[in-house]
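Comments concern the structure below.
Read the figures in this text as sums done on the coordinates, not as results from a lab. It should be emphasised that the depicted structure is a prediction, and the values quoted were computed from it without experimental measurement. A quick note on method: Cβ atoms are made from the backbone with ideal geometry, for glycine too, and the neighbour counts reach across all protein chains shown.
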Amino acid sequence: MAQEKAWENEYRKSKLLTKDNKPQSDVVRYVQYLIKQEKIDLENLNILDLGSGAGRNSFYFAEMGNNVIGLEISKTAIEIAKKYFNELMSRTVLDIKYVKQSIGEKFPIDDNSIDIVLDVTSSNSLTETEREVYLQETKRVLKPEGHFFVKALCKDGDDNAKHLLKDFPGVEKDTYKMPGLEVVERVWTKEDFVRTYEPYFNILKLEKKTSYPRMNNRSYKRNFWLAYLQNK
Ligand SMILES: C[S@@+](CC[C@H](N)C(=O)[O-])C[C@H]1O[C@@H](n2cnc3c(N)ncnc32)[C@H](O)[C@@H]1O
């Protein structure tokens, strides 16, 4: 509940978030990987966008002709996404359904029904208990050998993460509360990430990437994990 309020405030005041409609560049690269390496025909698939935000990645997959479901905790984020969706629908037909709910609760989705799941820096704020549900639910709804993309915050070699953990510690392991924002974030060592995801998914690729996200008109150097996973 606290995190729902924190994210809702973020979408209203927006210090941290992108509201643009272009897909995240790591998602674009992931799509290239799926097409070239996995030989996936990215059309008529069922896509689940966890923490779909203002919808940039769900639009991208829907425009390729896929059916997309976005689960999102912030009512305002869904309103922003739906507004753009309605604009797009005046030009083309897209299949996107947004559901307001936490990804730390049971998903309203059938077993083995999803081809690709996206988690683009959305599960960072889950508690350990919620994360267990998110992992089990993602596995349950994914088809056998279905694909799962995770972009998560990296602890290894990240000085900003180190400062945040020291100065603004959260209650649970490797979490901090973003100063002035109330949003909790979890950072991951490589070992910890592998230990958490590997019991559920095969790790096809795990890559560390440095980015410079902007907040309050400043850029911060942050490391991320880009994980290409597949249902076991
Ligand atoms: C950093 S934003 C990324 C949004 C989107 N994935 C993108 O790439 O544009 C994180 C998103 O996760 C959502 N979120 C955070 N905790 C959530 C939860 N427990 N359930 C559903 N959505 C959540 C936030 O509201 C926010 O939209």
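For the reader, a short list of remarks on this structure follows.
- Summarising the label geometry, the points placed 7 Å from Cα in the beta-carbon direction at residue 156 and residue 192 lie 1.3 nm from one another.
- DSSP-assigned coil residues among GluC sites (Glu not before Pro) in the range 166-215, each with at most 13 further Cβ atoms within 10 Å: 172
- Of the trypsin sites (Lys or Arg not before Pro) found in the range 75-153, the ones in coil according to DSSP and having at most 16 other Cβ atoms within 10 Å of their Cβ are 91, 106.
- Expressed as a fraction of 2.2 N^0.38 Å, the value expected for a compact globular protein of N residues, the C-alpha radius of gyration of the range 1-160 is 1.01.
- Placing pseudo-labels 7 Å out from each Cα toward the beta carbon at residue 20 and residue 211 gives an inter-label distance of 1.2 nm.
- Model label sites at residue 40 and residue 105, defined 7 Å from Cα along the beta-carbon direction, differ in position by 2.8 nm.
- Fully extending the segment from residue 88 to residue 33 would add 17.1 nm, taking 0.36 nm per residue of separation and subtracting the current Cα-Cα distance.
- Pairs of alpha carbons in the range 65-127 separated by more than 15 Å make up 59% of all such pairs.
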